[in-house]
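Next up is a structure, given as structure tokens.
The values are calculated or read from the model by the stated rules, or taken from the named source; none is laboratory data. Bear in mind that the values here come from a model prediction, so they are computed numbers and not experimental data. Glycine gets a Cβ as well: all are built from the backbone with ideal geometry, and neighbour counts include every protein chain shown.
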Amino acid sequence: MALLRNDPAPLGTVLLLPGDGIGPEVMGEVRRIMDWFAKRQGISFETDEDLVGGTSFDRHGTPLTDTVMAKAQAADAVLFGAVGGPRYDDLPFEQKPERGLLRLRKELGLFANLRPAKVFDALVDSSSLKPELVRGLDIMILRELTGGIYFGEPRGIETLPDGQRRGINTQVYTTSEIVRVAKVGFELARQRDRRVCSVEKANVMESGVLWREEVQKLRDAEYPDVELMHMYADNCAMQLVRQPKQFDVIVTDNLFGDLLSDCAAMLTGSLGMLPSASLGAPGPDGRRKALYEPVHGSAPDIAGRGQANPIAMLQSFSMMLRYSFDQGAAADLLDQAIGRVLTGGLRTADIMQDGMARVSTSTMGEAIVRELDKAAS
Ligand code: NAD
């Protein structure tokens, strides 16, 4: 039976966690866009909203309560704003706002971090690279998030018999850790240009040799339709600034992904434009645990002034539509509306350029809705 446009059946459950600083401001614009999709496209969600970070600490004495954790476990997707602020800087480690986010990532088992680096035509001049290198850029960096050297044992600082001190961290990956993140990479590539570049340092690290072998084996067995190439991490860093458009999906470990995703982020120019997704294992219904959040923090320097750029948060919502709910067409509609608003000359302060019109957070959101209206009518 066709859905009535004013009475859509929800596609699933979404938990909104706006957090601190500009988090609630940019989440407000997501709500505006969600309302539009519900009313105009019949794409709706059952939503709940709760506290995380400093606002949760203020109310409950903890950055994430067990109740909110349980809601996140039960939801099909979590939309997260940002946490933190100077008021909380002196709190003990366990009570800091960021611990709320870390707990969510850990207990939801989010092992795959997706960071797209996409350049809107209107913003090619914001990049630190020449316009011709980044015009039309659309790459995806997939970083393993829960293994590798940041978690490997043994670790620590020890004192040697001769009095010197030695710092130790261990890079360690098992086949299952490699295979599960590589699968996400191949699946992503199938929704894009069907090309994966797997990145490690197999020339000097055994964990890199294993990574390379397992990714190749998986591709040959299950994803023969996806083109796979291997690259050393140092070369990949160089290629990202030399010729970034050669990539489609880059899949790499926790440490290299940390560096390469920040490097790729700068190709796009502004922190206020960068979305991300973190995915876990598929549940019985095939849907993966998922948390979507902008890369930026709570920006206390501009919080409460209506200056925040909502686009990173809105693109995180767009990623949610695409990856959690298989609504690629709706995600495209939103991405294109954002592109047209930028082409029309509207800018929040962080991406302001000569000759453009500077607008507030909500004016940007309203303009995107107007573009959605035009596209849908
Ligand atoms: P930040 O990302 O909050 O801000 C860095 C700079 O970018 C600031 O000048 C800010 O005004 C600007 N900026 C960031 N997002 C913007 C947006 N959407 N629109 C316009 N300008 C934007 O990083 P920071 O200043 O290092 O950290 C501030 C707080 O956020 C700290 O408490 C930090 O721990 C926390 N933080 C949280 C997260 C998260 O929640 N995932 C991530 C990073 C930092």
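So that you can scan it fast, the table gives a plain yes or no per residue for (1) of a type in the set (Val, Ile, Thr); (2) within 27 Å of residue 96 (Cβ to Cβ); (3) within 12 Å of the ligand (Cβ to nearest atom):
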| residue | (1), (2), (3) |
| --- | --- |
| 264 | no, no, no |
| 278 | no, yes, yes |
| 284 | no, no, no |
| 294 | no, yes, yes |
| 324 | no, no, no |
| 332 | no, no, no |
| 347 | no, no, yes |
| 355 | no, no, no |
| 366 | no, no, no |
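Tell me which of these residue 318 doesn't satisfy, since it passes every other one: (1) within 12 Å of the ligand (Cβ to nearest atom); (2) under 17 Å from the mean Cα position of the chain (by Cα); (3) within 15 Å of residue 29 (Cβ to Cβ).
Unmet for residue 318, out of (1) within 12 Å of the ligand (Cβ to nearest atom); (2) under 17 Å from the mean Cα position of the chain (by Cα); (3) within 15 Å of residue 29 (Cβ to Cβ): (1).
Quick one: residue 129 ticks every box in (1) of a type in the set (A, V, I, L, M); (2) without any contact (Cβ under 8 Å) to a residue 12 or more places away in the chain; (3) part of a loop (DSSP other than H, G, I, E, B) bar one, so which box is it?
(2)
Residues to consider are 53, 81; find the one that is in contact with a Pro (Cβ under 8 Å, 6 or more places away or on another chain), within 19 Å of residue 324 (Cβ to Cβ) and crowded, with 20+ Cβ neighbours inside 10 Å.
81
Got a number for residues in the stretch 50-95 being closer than 26 Å to residue 317 by Cα and over 19 Å from the mean Cα position of the chain (by Cα)?
Count: 17.
Which number in (1) over 28 Å from residue 326 (Cα atoms); (2) at pLDDT below 95 marks the one condition that residue 154 misses?
Unmet condition: (2).
Conditions tested, residue by residue: (1) at positive phi; (2) more than 20 Å from the chain's Cα centre (by Cα); (3) loosely packed, with under 15 Cβ neighbours inside 10 Å.
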| position | (1), (2), (3) |
| --- | --- |
| 137 | no, no, no |
| 143 | no, no, no |
| 152 | no, yes, no |
| 158 | no, yes, yes |
| 175 | no, yes, yes |
| 180 | no, no, no |
| 197 | no, no, no |
| 203 | no, yes, yes |
| 225 | no, yes, yes |
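Considering only residues of the stretch 26-64 that are part of a helix (DSSP H, G or I) and among the hydroxyl-bearing types (Ser, Thr, Tyr), which is nearest to residue 310 (Cα to Cα)?
Among residues in the stretch 26-64 that are part of a helix (DSSP H, G or I) and among the hydroxyl-bearing types (Ser, Thr, Tyr), the one nearest to residue 310 (Cα to Cα) is 55.
Kindly establish whether residue 70 is of a type in the set (A, V, I, L, M, F, W, C), surrounded by fewer than 15 Cβ atoms within 10 Å (Cβ to Cβ) and at pLDDT below 95.
So residue 70 does not fit the description; no.
Within the stretch 67-118, which residues are near the ligand (Cβ under 9 Å from one of its atoms), farther than 22 Å from residue 262 by Cα and in a strand (DSSP E or B)?
The answer is none; no residue qualifies.
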